[in-house]
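Below is one structure, written out as structure tokens, with a few remarks after it.
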Amino acid sequence: MDRIRIRGGNRLNGTIPISGAKNAALPLMIVSLLTPETLTLSNVPRLADVRQLQRILQNHGVDIMVAGKRPGQTAKQGDVKQLSARTIADTTAPYDLVSKMRASFWVLGPLLARCGEAKVSLPGGCAIGTRPVDMHLLAMEKLGAEIEIENGYVIAKAKRGLKGAHIRFDKVSVGATHAALMASVLADGDTIIENAASEPEIGDVAECLVKMGARIEGIHTATLKIRGVTSLHGAEHSVIPDRIEAGTYAMCAGMTGGDVLLKDANAGHLGSVITVMRRAGVAVDQTNEGIRIYRNGGALEPVSLDTEPYPGFPTDCQAQLMALMSMADGTSMIRETIFENRFMHVQELARLGADIHLHGDTAEVRGVKKLTGAPVMATDLRASVSLVIAALAAEGETMINRVYHLDRGFETLEEKLSACGADVTRISGT
Ligand code: EPZ
């Protein structure tokens, strides 16, 4: 397994290109199941999760072509992928594939909508929580599907097709909103989705569906109105920049000090993160090339907050903020309200000298003057990058093990950081 060695203390100066959003690319690829025509996606990030989803879609019969390099294209630009689900060869998503990348469970809606049936493995829990899918199944039943659970699989049938419905989610769920949206675009009649998630990635998928011929109103709001159509056609769509990656590198720069341009980052998607960075004493400027982050010597101020659904502070940046606050000049209270077990980075940060005390869903982060390097273990995607942030400011050497977690969601992280002056090296493992 690969490891990453970081020697801390260097300021970051330069430009970091922000890749296409993982959490938009994954549902956008799944949307290809809804049409026999070709969906061309550009700015697709080169990530382990994208490669895993490709395997799942190919198992359903989707042909996936990755375009070769075009004149003038640089390695920093994402892949162009053409996905063609001319026919669906298999409506089963097997456990051995779904268990490796839980968002693949989201094929349920499109398979039901396109084929009238689906057999999808339950994704099971994961490191950060039990992560049930009851709201996904409720939405499918509202749209007229018959749902059974057998031997760890969801068996869904809608032989007479799906029917438009009024779906109101009790709480905000990104995945359940994707499922309901993807299923309803081919349903017979009108669907309303109330209390829908309004993350930018949902809007990106909805805009792509409209390009494919879907009829959707209320995009980027908490109430989506869909008028079902009989079929969708191919389209071309570019994946939005990754706001979580951008927020992560903003905290890297805030932690080390320096001056970094997050190229192509969309400030409109990062409102709450930008506000928090400024409260922490980090300067943030929006430019026509992206977002400029700089801090020259001033102390980091403590910031207390709750994670919330968009547009609140994203849970996917919680671990990264905790690393930043571990060296603030005071105490921060960070409350995780979305997932029940998203504090696994705390023990690893403590190994680097962070002083963090857990009180149920709230972490009390008492800022320290110094962190010192040590061997640490990555446990999940965003926890692993919080260790990178801490290691960048820690004295001495940090070795981060199990970096396959990082590779799921951060494209060429060590190259992007090294290009700005960080001492970061990937050590290929046995
Ligand atoms: C998406 O996960 C993201 N994944 C997560 O990012 C992100 O943390 C999460 O949304 C919240 O923003 C992708 O987009 C691929 P939810 P998802 O449904 O859809 C509960 C990352 O690091 N819930 O919004 O699984 C659930 O347990 C990943 O990139 C139910 O109770 O999250 C959680 O407490 C991690 N029943 C809350 O809702 C359901 O049927 C929000 O979960 C569904 C969810």
Total charge of the residues flanking Met333 in space, meaning their Cβ is under 14 Å from its Cβ, with Lys and Arg +1 and Asp and Glu -1, is -3
Take each of the peptides 365-374, 254-263, average the number of other beta-carbon atoms within 10 Å over its residues, and list them starting from the highest. 254-263, 365-374
With Glu415 itself left out, Lys, Arg at +1 and Asp, Glu at -1 over residues whose Cβ is under 10 Å from its Cβ give +1
Helix-only CD estimate at 222 nm, as mean residue ellipticity for the chain, using -39500 (n - 2.57) per DSSP H run (n ≥ 4): -8500 deg cm²/dmol
Separation between the Ser99 and Arg366 pseudo-spin-labels, each 7 Å from Cα along Cα→Cβ, expressed in nm? 4.2 nm
DSSP-defined antiparallel bridges as percent of all bridges, the range 259-344, nearest 5: 85 percent
Counting DSSP beta bridges in the chain, what percent are antiparallel, to the nearest 5? 75 percent
Carbon and sulfur together cover what percent of the accessible area of the chain at a 1.4 Å probe radius? 48 percent
Rg to Rh quotient for the range 22-234, alpha carbon positions, Kirkwood Rh: 0.95
Kindly report the accessible area of the range 127-227 per residue (heavy atoms of protein chains, probe 1.4 Å, no ligands, DNA or RNA), in Å². 43 Å²
Could you tell me how many cubic angstrom of Cα convex hull volume the range 218-293 has per residue? 112 Å³
For the chain, what mean projected area does the convex hull of the alpha carbons give, in nm²? 19.3 nm²
Show me the ranking of peptides 308-320, 267-279 by mean Cβ neighbours inside 10 Å, starting with the highest. 308-320, 267-279
For the range 1-35 and the range 91-111, compute the distance between their C-alpha centroids and round to whole Å. 22 Å
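Given contacts defined as C-alpha pairs under 8 Å and at least six residues apart, what's the relative contact order of the chain, whole-number percent?
This gives 21 percent for the chain.
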Based on the Cβ-Cβ distance of His357 and Glu301, what FRET efficiency does E = 1/(1 + (r/R0)^6) give at R0 = 22 Å, to the nearest 0.05? 0.65
J(HN,Hα) series, the range 85-98, from Karplus relation 6.51 cos²θ - 1.76 cosθ + 1.60, nearest Hz, glycine and proline x: 9, 3, 9, 9, 7, 8, 9, 9, 10, x, 4, 5, 9, 5
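The values are calculated or read from the model by the stated rules, or taken from the named source; none is laboratory data. The structure presented is a predicted model; accordingly, all values stated were derived computationally and were not measured. Cβ: placed from backbone, ideal geometry, glycine included. Neighbour counts: every protein chain shown. These area figures cover heavy atoms from the full protein model, side chains too; ligands, DNA and RNA do not enter into them. Shrake-Rupley method; radii C 1.70, N 1.55, O 1.52, S 1.80 Å.
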